[in-house]
Amino acid sequence: MIKAARGGYVGGQPGYGQQASDSELVDNPDEAEVVEMVTRLRRSGASFRAICQALTEAGLRPRRTETWHPMVVRSIVQRHGDAGS
C-alpha cells in the first residue's frame, strides 16, 4: 500500500502503450506505433472517431476487441500526450 500511496504501480491491467516490468510500468514497444499514430492524428485535429477509423484502416487492432472505440483512443491521448483532449 505504500507504493500505491506514492503513485506507484501496484497491479491491474496497464493502460494501452504500457506494460508491467519488475513491478513498474514501462512503455510497450509492440504498441508504440499505435500510440504515436494516435497522438500525431490528435495533434493534427482528428476526432477520436476519425482516429479509430484510421487505426482500423491501417490494420492495427486493440488488445481485447475487434474494433477501436473512441473512449479507448481518448484514454491513450490522456495517458501519452495532451494533444487537444
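Each 10 Å bin from zero up to the one holding the largest Cα-Cα distance in segment 2-80 carries the following percent of pairs: 18, 48, 24, 9, 0.
Along segment 41-55 the Karplus relation, 6.51 cos²θ - 1.76 cosθ + 1.60 evaluated at θ = phi - 60°, assigns HN-Hα couplings of 5, 5, 4, 7, x, 5, 6, 4, 5, 5, 5, 4, 5, 5, 5 Hz to successive residues, with x for each Gly and Pro.
We did not get these values from a lab; they are worked out from the coordinates using the rules stated. Predicted, not measured: the structure shown is a model, and the values here were computed from it.
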